[in-house]
Structure formats: C-alpha cells, structure tokens
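Undergrad: Structure provided below as structure tokens; questions to follow.
The values are calculated or read from the model by the stated rules, or taken from the named source; none is laboratory data. Keep in mind that this is a model prediction, so the values were computed, not measured. With ideal geometry, Cβ positions are generated from the backbone for all residues, glycine too; neighbour counts draw on all protein chains shown. We work out accessible area using only protein heavy atoms, side chains counted, and drop any ligands, DNA or RNA first. Shrake-Rupley method; radii C 1.70, N 1.55, O 1.52, S 1.80 Å.
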Amino acid sequence: MSLRLIYGRAGSGKTSFCMEEIRDMLIQEAKRPLILVVPEQYSMQAERDLLKIAPKAGVMEAEVLSFRRMAYRIFEEVGGYTRRHISASGRSMLIYRVMDELKEELRLFERAAHQSGFVGTMAQLISEFKRYNITPEIFHELNNTIEDETLKDKLGEIGAIYQRFEEAVHKRYIDADDDLTLLAEKLPKSKEFHGAHIWIDEFSGFTPQEYRVIE
C-alpha cells in the first residue's frame with residue numbers, strides 16, 4: 001500500500017487530476033474498487049462530475065463516499081449498529097436530564113444549566129470532544145495537573161456531565177458522533193475496500209477521528 005499527495009493552490013486542477021485518473025482506470029477496466037472520498041456536502045456534486053467523465057460501461061465500478069457513508073457500508077458488512085441513533089432533540093433532552101441529576105454537584109454551572117441555550121452549548125461541546133478523540137477520562141487526568149481552582153472546577157463539571165451523558169446514551173442508543181470512531185475500529189475486520197484505489201479530495205482539513213479512519 002502506498003500514499004501519494006497531490007498538492008497545489010486552489011484551482012490548479014487537483015480534483016480534475018483525480019477524476020481523470022478514475023476515468024482512465026475505468027477505461028482500462030480496473031478490477032479493484034475505485035473509491036472517491038469527499039466531504040458529505042460535496043458528495044452529490046462529485047457523483048455528477050464522475051458521471052460526466054466516466055465511460056458508460058464502467059460507471060458502476062467507481063463510487064463516491066463520505067466518511068459517514070463509508071461507516072454505514074462497513075457496519076452493514078461486519079456489524080456495528082445494535083441500537084438506533086439518538087436524535088438531536090433526544091440528545092438535548094438527555095443532557096438536560098443529566099445536568100438535573102448532577103445539580104447538587106454543579107457549583108459553577110448550577111445557574112447556567114437552566115439558562116436558554118446552555119444545553120445546546122453542551123451538546124456542541126460534546127460533539128467537538130468526540131471529533132477530537134477527547135474522552136471523559138482525559139478530564140479526570142487533567143484535573144490532577146491543574147492548579148487554578150476555578151479552571152479545575154470548570155473542567156471537572158464539564159467532565160462529569162460528559163461522562164454521565166456517555167453512560168446514559170450508550171444504554172439505549174448510538175451517538176452519531178461516535179460513527180467514525182467505530183468505523184476506525186471496524187475497518188480492519190472488513191474486506192469491503194481490500195485492494196481498492198482510494199482518492200480523498202475536497203477536504204480543507206481532517207479531525208483526529210478522520211485521521212484514524214485514513215490510517
């Protein structure tokens with residue numbers, strides 16, 4: 001397996017280069033899967049572009065995937081979904097319930113917990129934590145190294161809310177923000193992309209979750 005980097009300024013033809021390579025392999029009737037990975041918001045446009053350049057006889061041999069669509073494909077093959085995804089509103093309700101259960105332990109966030117928008121802020125924070133592989137355990141480790149008491153209390157309370165949320169959500173649901181973490185764990189068991197040629201395009205950067213999948 002090899003890794004190749006195609007780089008250049010915007011508009012220099014990187015995407016066209018990838019598309020032309022896919023087209024040439026389709027013309028040569030490549031026996032390996034040809035996969036183009038793009039951000040979710042670019043997937044429809046990438047599919048249209050691929051249809052324009054691909055020979056009609058080989059268009060079904062190439063495929064456009066986002067990381068999340070890749071996750072669904074792998075889970076169908078090797079398993080992974082045993083519970084249904086929690087919705088955005090369900091996540092907010094669960095965070096509110098968690099903070100209500102922890103109200104005796106929350107000093108800094110006791111008042112904020114009942115303010116409009118705070119639940120949404122916590123939901124966004126938890127999503128960011130997961131994208132960057134920050135677990136509740138990291139908050140516990142940090143607390144042993146921080147001397148500033150206010151910062152220590154703040155991180156301790158955020159960590160407590162995060163940990164209780166994780167315990168509650170995984171009893172009945174799967175959090176969509178865990179999909180790529182689970183994908184990275186399941187990929188070694190999959191044969192879906194064995195021997196595939198994979199192009200990754202249109203990303204401005206990657207989260208640690210996405211780097212794990214690429215690795």
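Undergrad: I need every pair where a residue in the range 185-213 that is of a type in the set (Asp, Glu) has its Cβ under 7 Å from the Cβ of a residue that is part of a loop (DSSP other than H, G, I, E, B) and modelled with pLDDT of 95 or more, sequence separation at least 6 or different chains.
TA: That search, which allows pairs on different chains as well, returns Asp201/Val38; Glu202/Val38; Glu202/Pro39.
Undergrad: Out of all the residues in the range 86-101, which are surrounded by fewer than 16 Cβ atoms within 10 Å (Cβ to Cβ), under 20 Å from the mean Cα position of the chain (by Cα) and in contact (Cβ under 8 Å) with a residue 60 or more places away in the chain?
TA: Across the range 86-101, the qualifying residue is only Gly90.
Undergrad: Only one residue in Glu147, Glu104, Glu77, Glu128 is open to solvent by 30 Å² or more (accessible area, probe 1.4 Å), part of a helix (DSSP H, G or I) and out of contact with any Lys or Arg (no Cβ under 9 Å at 6 or more places or on another chain). Which one?
TA: Glu128
Undergrad: So for the range 9-21 (the condition being under 26 Å from the mean Cα position of the chain (by Cα), open to solvent by less than 100 Å² (accessible area, probe 1.4 Å) and among the aromatic types (Phe, Trp, Tyr)), does at least one residue qualify?
TA: There is no residue in the range 9-21 that is under 26 Å from the mean Cα position of the chain (by Cα), open to solvent by less than 100 Å² (accessible area, probe 1.4 Å) and among the aromatic types (Phe, Trp, Tyr).
Undergrad: Restricted to the range 169-183, and to residues that are farther than 16 Å from Tyr132 by Cβ and β-branched (Val, Ile, Thr), which residue is surrounded by the most Cβ atoms within 10 Å (Cβ to Cβ)?
TA: My answer is Val169.
Undergrad: Looking for something assigned to a helix (DSSP H, G or I), open to solvent by 30 Å² or more (accessible area, probe 1.4 Å) and more than 19 Å from Ser43 (Cα to Cα) - is there at least one such residue anywhere in the range 194-209?
TA: Among the residues of the range 194-209, at least one is assigned to a helix (DSSP H, G or I), open to solvent by 30 Å² or more (accessible area, probe 1.4 Å) and more than 19 Å from Ser43 (Cα to Cα), which makes the answer yes.
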